[in-house]
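The values are calculated or read from the model by the stated rules, or taken from the named source; none is laboratory data. Note that the coordinates shown come from a computational prediction; the quantities given were computed from them, not determined experimentally. Every residue, glycine as well, gets a Cβ built from its backbone with ideal geometry; the counts of neighbours run over all protein chains shown.
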Amino acid sequence: MGRAMFNASHAPDFALRRASIKAIAGALCLLGFGRNSVGAAPIGSGDARLRAPIAALFRDEAAACAVGRRCLAGLAVGEYGALERTRVLLAPITGGAQFRERLARQRRREFARGDTAIVNGWVLARSETDLCVALALLPRD
Amino acid sequence: MIIDFRQADRKEIDATLCIVGAGAAGITLGRALAGSGIPVCILESGGLEYDERIQELYDGKDAGFHDIYDLKNSRLRYFGGSTNHWVGHCAPATDLDFAPRPWVPYSGWPLTKAELDPYYEAAQHLLEIGAYRYALSDFPDRYAKIPPFDPNKIVTRVWRLSPPTRFGAKYRDDLARADNVRVYLHANVVDFDTDADAKRVTAARLHTLDGERARVRAKYFVLACGGIENARLLLLSNRHAPRGLGNAHDVVGRYYIDQLRVENAAVAAVDNEQPLAMLEGDFHRDGVRFSSLLCPSEQAQRERQTLNWAVEVSRLTDMHPWAVALRNVRDAWREGKWPDDFGKQVWAVISDLDGVATGMYRRLQPWPLSLLARCEVAPDPENRVVLSGERDALGQNKIERRWRLGPREKHTIRTATRIIGEELGRLGLGRVKLADWLLADDNRWPADVIAGPHHSGTTRMASDPRRGVVDATCRVHGVENLYVAGSSVFPAGGYTHPTLTVVALALRLADHLRHRLEEPITIKTPLRSPTSSAGVS
Ligand SMILES: Cc1cc2nc3c(=O)[nH]c(=O)nc-3n(C[C@H](O)[C@H](O)[C@H](O)COP(=O)(O)OP(=O)(O)OC[C@H]3O[C@@H](n4cnc5c(N)ncnc54)[C@H](O)[C@@H]3O)c2cc1C
């Protein structure tokens, strides 16, 4: 009578995948945050102006960057999903007040469908970590 | 009548029904048959008080997982059994606990919860816990104030807290008064005699610590010695069944289960006036004490492929007994600090994004709570009790318990924590931080994880004798007149504590035996009392 094996695929994914980081960087590029093609990395210094709308979301920008860096350092848990989602999330940033509501709705939806990441033990909505990652990736002036 | 067996001079006793063990199960059964006219004899190893020499007979060895509850001290060997020190948390197992769950190997009872419901209802009275209602929604005033969790994910239930009923003290007089019931104290059953092909028990053999020996003959026998000792006595009854009685398929002692309890997360709630507070602490209604539980919906268990679980919300205080793993979180929060810079940063992000949502920035103050998880243990044939080479004062092999916690239990607790984290996030009530031990995808467990002690599963119930020791009526497969009462018959335990189910099953067994005994009895075996007047009651 052998011990029945547990199907590990039910366990959460505990590594921030390299591909996911690429996807975020790629999305930023597509949105004009970077000059190079998808996944091709360096985000140019001219993108600094594009950083501003994201940074404006946070009173404590340094904290958001720290969370973003922690995600990037591989301590985040979970899947970052597709480039598409990141684009949808970031696209309306220029949309002002509407964006705020949209962001809150997005967060509630993510929690409801379990689209969350675990960062150093904290259960965070995907868009929260995405924003922090974006902020950490984008260069300052 | 209650009799001290050491002072009884008759060493051959006859009864129609012989119950071995006077704990919750044995006393319930004996009491249910009091006044029935059926001659019942209850054999109890201990006396009316704790006695170290007798307790020593429970000593055994733990190999594998162990916690503060060793084999000797996690149960009590005297009249009333372990109810002499139980805490009193009561809740029935859920419908899904009884069903076969494809994602939980070896799960499923050969009976449904609906079949047990009438007995659960009757058991409420014996345990002094009021009505048979366990949904938090049964308390509308309270329910209205708790967070509106998504019912597809989280359902709210309650524990009912027994005073706790000490079965020995509470029901001793009922047994003493019943003229068809005799309770023998200091009567250690060492094994069962059977006919040559081990299909029928002929007698229970008794030894006292002073070297007295005796036999009790009966038409039917019920083993009610607790979740581990039931298996031990079957294994020790090996004169005509070399592997032990009822053990043709090597199932006796296997599938050992319990319930786990461990601190799994801290909650940073957004303020202290909010609905989470309604889930914390005990409340009282109609003289009964309650506490609240967050449990998974059936859908959540199915979709996330977890075992059954429950989570309790409590304040992080010094009084909290399980706050070990999260102690530094608690200590820092109490002083108004964050345990680490990272927590502070996460909280800043959450506050800022909430501010974005409302258009108003505010620095949220975290209000610390902790989550305590209770988790089912998966049935596993490799988790088991066996006879060890060591012997007790009666010359009987002691028990060795071999079991371990596996990835299913850890996956369950991690998933439970995440589900609650997601719901609190969705509702804007706060954020959950998983305990560090849950982050690693390995099978390491914190030092403060506690099991039960709710020893169960070692003589599990199954229709198929290759999968279980007893059938749906609690009769040992292949032995026509031997039954088992107690949590050892549970094939799966859920997150709920066992005693309510133990008592319900004992009441059901009493009904079954009453019906069986109405069948024509060919040999009348009237109860004969010992000739001495050694009664203690
Ligand atoms: C610390 C602690 C806290 C608990 N808290 C809870 C709780 O909150 N909720 C809950 O539901 N459950 C709780 N339990 C479990 C509860 O105590 C048991 O479920 C219950 O007592 C089981 O009843 P039983 O009759 O099967 O076994 P027991 O109550 O253990 O009775 C077995 C009886 O058999 C006798 N016996 C043993 N061997 C022999 C022998 N060879 N011959 C003759 N007699 C023998 C023993 O002396 C004993 O009297 C707790 C247990 C412990 C230890």
Checklist entry - Based on what the data block shows, is B:Leu48 modelled with pLDDT of 95 or more, more than 23 Å from B:Val386 (Cβ to Cβ), more than 6 Å from the ligand (Cβ to nearest atom) and over 20 Å from the mean Cα position of the chain (by Cα)? => result yes
Item to check | Which listed residue is farther than 30 Å from B:His515 by Cα, in contact with a Pro (Cβ under 8 Å, 6 or more places away or on another chain) and not acidic (Asp, Glu), from B:Val267, B:Val288 | outcome: B:Val267
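Could we say that B:Ala218 is of a type outside the set (Val, Ile, Thr), away from chain A (no Cβ under 14 Å), within 11 Å of the ligand (Cβ to nearest atom) and crowded, with 17+ Cβ neighbours inside 10 Å here?
For B:Ala218, the condition - of a type outside the set (Val, Ile, Thr), away from chain A (no Cβ under 14 Å), within 11 Å of the ligand (Cβ to nearest atom) and crowded, with 17+ Cβ neighbours inside 10 Å - is not met.
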Checklist entry - Within the stretch B:2-20, is there a residue that is within 12 Å of the ligand (Cβ to nearest atom) and either polar (S, T, N, Q) or within 14 Å of another protein chain (Cβ to nearest Cβ) (or both)? => result no
Checklist entry - Hey, which of the strands (runs of 3 or more DSSP E) in the stretch B:393-504, taking only ones fully inside, have at least 1 residues that are within 27 Å of B:Lys199 (Cβ to Cβ) and out of contact with any His (no Cβ under 9 Å at 6 or more places or on another chain)? => result B:397-403, B:482-484
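Could you grab me the full set of residues in the stretch B:448-484 that are more than 17 Å from B:Glu409 (Cα to Cα) and among the charged types (D, E, K, R)? Even if it seems obvious, please write down each step before you answer.
Of the stretch B:448-484, the ones more than 17 Å from B:Glu409 (Cα to Cα) are B:458-484.
B:Arg460, B:Asp464, B:Arg466, B:Arg467, B:Asp471, B:Arg475, B:Glu480, listed by residue number.
So, in the stretch B:429-475, exactly how many residues are aromatic (Phe, Trp, Tyr) and under 30 Å from B:Leu353 (Cβ atoms)? Reasoning before the result, please.
Filtering the stretch B:429-475 down to residues aromatic (Phe, Trp, Tyr) leaves B:437, B:445.
Cutting the leftovers down to under 30 Å from B:Leu353 (Cβ atoms) gives us B:437.
Summing the residues that are aromatic (Phe, Trp, Tyr) and under 30 Å from B:Leu353 (Cβ atoms) in the stretch B:429-475 gives 1.
Residues being in a loop (DSSP other than H, G, I, E, B) and either within 23 Å of B:Trp86 (Cα to Cα) or among the charged types (D, E, K, R) (or both): count how many of those fall in the stretch B:129-154.
If we filter the stretch B:129-154 for residues that are in a loop (DSSP other than H, G, I, E, B), which is where we start, we get B:129-134, B:139, B:144-153.
Subsequent filtering for residues that are either within 23 Å of B:Trp86 (Cα to Cα) or among the charged types (D, E, K, R) (or both) retains B:129-134, B:145, B:150, B:153.
Going through the stretch B:129-154 one residue at a time, the tally reaches 9.
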Checklist entry - Scanning the stretch B:191-206 for residues that are more than 10 Å from the ligand (Cβ to nearest atom) and of a type in the set (A, V, I, L, M, F, W, C), which turns out farthest from B:His240 (Cα to Cα)? => result B:Ala203
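For the stretch B:9-62, enumerate the residues that are of a type in the set (Ser, Thr, Tyr), farther than 17 Å from B:Arg232 by Cα and either in contact with a Cys (Cβ under 7 Å, 6 or more places away or on another chain) or surrounded by 21 or more Cβ atoms within 10 Å (Cβ to Cβ) (or both). Before the answer, list the steps.
Applying the first criterion (of a type in the set (Ser, Thr, Tyr)) to the stretch B:9-62 yields B:16, B:28, B:36, B:45, B:50, B:58.
Of the ones still in play, those that are also farther than 17 Å from B:Arg232 by Cα are B:16, B:28, B:36, B:50.
Within the stretch B:9-62, B:Thr16, B:Thr28 meet the criteria.
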Checklist entry - What is the one condition in (1) more than 20 Å from B:His515 (Cβ to Cβ); (2) within 12 Å of the ligand (Cβ to nearest atom) that B:Val489 does not satisfy? => result (1)
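Listed residues B:Ser82, B:Ser74; which is within 11 Å of the ligand (Cβ to nearest atom) and either part of a loop (DSSP other than H, G, I, E, B) or within 14 Å of another protein chain (Cβ to nearest Cβ) (or both)? Break it down into steps so the answer makes sense when it comes.
Working: B:Ser82 fails: either part of a loop (DSSP other than H, G, I, E, B) or within 14 Å of another protein chain (Cβ to nearest Cβ) (or both).
When all the criteria are applied, what remains is B:Ser74.
Somewhere in the stretch B:365-377, is a residue among the polar types (S, T, N, Q) and either modelled with pLDDT under 95 or under 30 Å from B:Leu235 (Cβ atoms) (or both)?
Narrowing the stretch B:365-377 to residues among the polar types (S, T, N, Q): B:365, B:370.
If we keep only those that are either modelled with pLDDT under 95 or under 30 Å from B:Leu235 (Cβ atoms) (or both) too, we end up with B:365, B:370.
There is at least one residue in the stretch B:365-377 that is among the polar types (S, T, N, Q) and either modelled with pLDDT under 95 or under 30 Å from B:Leu235 (Cβ atoms) (or both).
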Checklist entry - Inside the stretch B:63-78, can you point out the residues that are buried (at least 19 other Cβ atoms within 10 Å of the Cβ) and of a type in the set (S, T, N, Q)? => result B:Ser74
Checklist entry - For B:Asp97, are the conditions met, namely being closer than 17 Å to B:Pro498 by Cα, more than 16 Å from the ligand (Cβ to nearest atom), under 20 Å from the mean Cα position of the chain (by Cα) and of a type in the set (Asp, Glu)? => result no
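Hey, could you check the stretch B:377-406 for residues that are within 14 Å of chain A (Cβ to nearest Cβ) and in contact with a helix residue (DSSP H, G or I) (Cβ under 7 Å, 6 or more places away or on another chain) and say which is surrounded by the most Cβ atoms within 10 Å (Cβ to Cβ)?
So in the stretch B:377-406, the residues within 14 Å of chain A (Cβ to nearest Cβ) come out as B:377-384, B:386, B:402-406.
From the residues that got through so far, the ones that are in contact with a helix residue (DSSP H, G or I) (Cβ under 7 Å, 6 or more places away or on another chain) too are B:377-378.
Values: B:Val377: 29, B:Ala378: 24.
Checked the stretch B:377-406; the qualifying residue surrounded by the most Cβ atoms within 10 Å (Cβ to Cβ) is B:Val377.
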Checklist entry - Among the residues of the stretch B:252-271, is there at least one that is among the β-branched types (Val, Ile, Thr), in contact (Cβ under 8 Å) with a residue 24 or more places away in the chain, closer than 30 Å to B:Ile419 by Cα and part of a loop (DSSP other than H, G, I, E, B)? => result yes
Item to check | the stretch B:155-190 - residue that is of a type in the set (A, V, I, L, M, F, W, C) and in a loop (DSSP other than H, G, I, E, B) and, of those, farthest from the ligand (Cβ to nearest atom) | outcome: B:Ala178
Checklist entry - In the set B:Leu43, B:Leu33, which member is aliphatic (A, V, I, L, M) and within 12 Å of the ligand (Cβ to nearest atom)? => result B:Leu43
Next on the checklist: I'd like to check something: does the stretch B:109-122 contain any residue that is out of contact with any Leu (no Cβ under 7 Å at 6 or more places or on another chain), β-branched (Val, Ile, Thr), outside any loop (DSSP other than H, G, I, E, B) and more than 14 Å from chain A (Cβ to nearest Cβ)?
Outcome noted: no
Next on the checklist: Go through (1) outside any strand (DSSP E or B); (2) within 16 Å of the ligand (Cβ to nearest atom); (3) not acidic (Asp, Glu) for B:His512 and report which single condition fails.
Outcome noted: (2)
Checklist outcome for this item: For the stretch B:69-98, pairs from a residue that is more than 24 Å from B:Arg160 (Cα to Cα) to a residue that is within 6 Å of the ligand (Cβ to nearest atom) and at pLDDT 95 or above, with Cβ under 7 Å and 6 or more apart or across chains, are B:Arg77/B:Ser45; B:Arg77/B:Gly46; B:Tyr78/B:Gly46; B:Phe79/B:Ala22; B:Phe79/B:Glu44; B:Phe79/B:Gly46
Item to check | Criterion violated by B:Arg334 - all others in (1) basic (Lys, Arg); (2) at pLDDT 85 or above; (3) more than 30 Å from B:Leu234 (Cα to Cα) satisfied | outcome: (2)
